[in-house]
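Right, one structure below, let's go through it.
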Amino acid sequence: MQHQSQPNVPKGYNKSDKMRSVIADNTQLLMVLSRFGIALGFGDATVGEVCEQRGVDCPTFLAVANFISGYKYNIEDVKPSSLIGYLKQAHNFFLDFYLPDIRRKLIDALSTGNASAEISLLLLKFYDDYVGEVRRHMAYEDKYVFTYVENLMSGRLPGNFRISRFLANHRPIASKLNELKEVFICHYGGVSGNMLNSVLYDIVTCENDLLSHCRVEDNLFVPVVQKLENNIPDSDPEPLNRHDDTDKVELTQREKEIISCIARGMSNKEIADKLCLSIHTVTTHRRNIGTKLDVHSAAGLTIYAIVNGIIDLSEVRIAD
């Protein structure tokens, strides 16, 4: 049974197609392979054979591959657990690799330009704010939405939450990347050459990948979950916690003071003198801060301080 809203859509891939032919038809599916845990090197094996060899649910793979490629897709036999596994791997890819990699390239590109350090910091702040939004968005799905679906798969209909609520509040998370791209293309004259063009290309690619990811959630994941809901009788409502934020790192007031001093360009000795501490204590605090935030450089802590309102940009002392 094909998804009912697919009139005049070309027929798509099937399990007897060669996997190498499928990838040649749409190289974007290389990312789909990765998120299903399918390694390369499958030779002339068919889609069905590759999925069987790699322990991947073939109908789920075909539904995602066909949807992303603009072909007819069938959700009837999609396995919810396999689709959740795919979505979680996509989250890991964006948060652990793609977005951090773009940030590193962005720093390199900005460092080669003529723009002031203050403008560079603002651009990085804009980007870090965006990554924070993506992290909260995906953490909510991982912690609450996917847990809700896992309960459905075990035969329970928990709480008064329904997947239709998720769909109603589900917004694309790529818009700020587009804004950043437009700032560089239309308004930023501080950098020229290959480095900025390269990072802009990565931003555009990531933007498209995130939009595609959200469409998979709306058009495949939601209908599959609705089928699960329809097959389970309503139960007594149980509250489903909803948090749009991940578990936030809590810094002590002293740690915030030290970060503020670091952002002002102060050395450990200067910080110790200002706060009436020993240099050893300041060093210990900095080590604890780095462990909590997973941010260790003075530049990274400065950006964190600006993003989180610990210090105003005008107070930052930029090293010469």
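The values are calculated or read from the model by the stated rules, or taken from the named source; none is laboratory data. Keep in mind that what you see is a predicted model, and the values were worked out from it rather than measured. All Cβ positions, glycine included, derive from the backbone under ideal geometry; neighbour counts span all protein chains shown. Heads up: the accessible areas ignore ligands, DNA and RNA and are worked out on the full protein's heavy atoms, side chains in. Shrake-Rupley method; radii C 1.70, N 1.55, O 1.52, S 1.80 Å.
List of remarks:
- At the residue level, D57 shows approximately 40 square angstrom of accessible surface with a 1.4 angstrom probe and all protein chains present.
- Solvent-accessible area of S69, all protein chains in place: 30 Å² (probe radius 1.4 Å, heavy atoms, ligands and nucleic acids excluded).
- Note on K181: aspartates and glutamates with a C-alpha under 18 Å away, same-chain residues under 8 apart excluded, are D101, D108, D128, D129, E133, D202, E207, D209.
- Cα-based helix-to-principal-axis angle, 80-93 vs the chain, degrees rounded to 10: 30
- Sequence of M138, M195 when ordered by accessible area, the most exposed leading, probe 1.4 angstrom: M195, M138
- Hydrodynamic radius (Kirkwood) for the chain, which is based on Cα pairs only, to one decimal in Å: 22.6
- Note on the chain: with neighbouring protein chains present and a 1.4 Å probe, carbon and sulfur make up 49 percent of its accessible heavy-atom surface.
- Here the stretch 114-156 is treated with +1 on each Lys and Arg Cβ and -1 on each Asp and Glu Cβ, and its dipole about the Cα centre works out to around 180 debye.
- Probe 1.4 Å, accessible area per residue of the chain, Å²: 52
- For the stretch 1-144, lysine pairs with C-alpha atoms less than 27 angstrom apart, excluding pairs fewer than eight positions apart on the same chain, total 16.
- If you sort E52, E141, E270 by accessible surface, 1.4 Å probe, largest first, the order is E52, E270, E141.
- Crossing angle, helix 117-140 versus the chain [Cα axis fit, 0-90 degrees, rounded to tens]: 40
- Rel. contact order, % - alpha carbon contacts under 8 angstrom, at least six apart, the chain: 18
- Ranked from largest to smallest solvent-accessible area, with a 1.4 Å probe on the protein heavy atoms, H91, H170, H296, H285 come out as H296, H285, H170, H91.
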